[in-house]
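Since the structure comes first, as structure tokens, the remarks are kept for the end.
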Amino acid sequence: MKQIALDIGLSAGPTLANFCAGPNAAVLRHMEMWVGAKSNSSNHVATRSPVPTYFWGPTGSGKSHLLKGAREALREQGGRVGWLDASVHEAPEFNESWAAVVLDDVHLYTAAQQHTAFNWFVNAQTHQRPVLAAGEYAPVELKLRDDLRTRLGWGHVFSLQPLSEPERRAVLRQAADARGVFLGDDVMDFMLTRFSRDLGSLMELLELLDGYALQTKRAITIPLIKSMMDNN
């Protein structure tokens, strides 16, 4: 049965607080300690370790969520980061005021993006700024320039695993209960077979369904889901 991918954004945005760890609890603990490091109030540069951290794993395992959550935590502390992902084609020069460098989807980088990432990495090391990075493959398997690939692999490296189906169901159920929404087992089955199974997309779907149910004054059922999809 073909799955439908949803291309919509989370209204609340990814944070470490709403990251559902599942089998990745050690990674979350690492990041909670990382963002908890105190910063210098005069320039917002933290005393956190400059040792880089690299996450790798399949799509839907939470890599981008962790990076964006860390970026949001630094923003709340008054810090700014240098952010580079595969969609950024005109990246700025390294800025000494950055609290960290964040590199997402490194396995997709073009030659120009690899050049930028390497330049930022070297400058981050020079100025004692940490680097957070993520990609689909382990460092040794990345098809990147050697000097960048080896730097990505010399610090903390974590392999992330997607949530199991029971874990996804539990998270969905908890999120629905928090909204005061009832999801029957048939509805859960439908959501998990007809739509993208990564947790981010499922949570976005729940938000859409809740809004549509309120708008139409109907309970969330399979017919309601089909009606919403037909009207969008």
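Throughout, read-outs are computed from the coordinates displayed, never taken from laboratory work. It should be emphasised that the depicted structure is a prediction, and the values quoted were computed from it without experimental measurement. Using ideal geometry, Cβ is built from the backbone for each residue, glycine included, and neighbour counts are taken over all protein chains shown.
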query: Once amide H atoms are built 1.01 Å from N in the peptide plane, which residues 5 or more positions from F195, or in another chain, come under 5 Å H to H?
result: I4
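Rounded to the nearest 20 Debye, what is the dipole magnitude of segment 165-230 about its Cα centre when Lys and Arg each give +1 and Asp and Glu each give -1 at the C-beta?
On the way: 9 positive and 11 negative charges, 36 e Å.
For segment 165-230, the charge dipole is close to 180 debye.
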query: In the chain, what % of DSSP beta bridges are antiparallel (nearest 5)?
result: 5
message: Suppose a student asked you for the relative contact order of segment 22-159, using Cα pairs under 8 Å spaced at least 6 residues apart; what percent would you report?
response: 32
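When the helices in the chain are scored as -39500 (n - 2.57) per DSSP H run of 4 or longer and the sum is shared across all residues, what 222 nm value do you end up with, to the nearest 500 deg cm²/dmol?
Numbers: 8 runs with 101 residues, N = 232.
Only helices count here, giving -13500 deg cm²/dmol.
What longest range of the chain stays clear of loop-exposed chymotrypsin sites (Phe, Trp or Tyr not before Pro) (DSSP non-H/G/I/E/B, at most 12 other C-beta within 10 angstrom)? Write down the numbers at each step before the final one.
Numbers: sites that count: W154, F182.
Counting at most 12 other Cβ atoms within 10 Å as exposed, the longest clean stretch of the chain is 1-153.
Report, in debye and to the nearest 20, how large the dipole of segment 22-159 comes out about its Cα centre when Lys and Arg carry +1 and Asp and Glu carry -1 on their Cβ. The partial results should precede the final answer.
Numbers: 13 positive and 13 negative charges, 69 e Å.
Magnitude of the dipole: close to 340 debye.
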field: Acute angle (nearest 10 degrees) that the helix 111-126 long axis makes with the longest principal axis of the chain, alpha-carbon atoms
entry: 60
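What's the exposure ranking of L192, L214, going from fewest to most Cβ atoms within 10 Å? Walk me through the numbers before you get to the answer.
Numbers: L192 16, L214 11.
Least to most surrounded, the residues fall as L214, L192.
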statement: Highest GNM mean-square fluctuation among T216, T193, T59, for the chain with Cα springs under 10 Å, belongs to T216
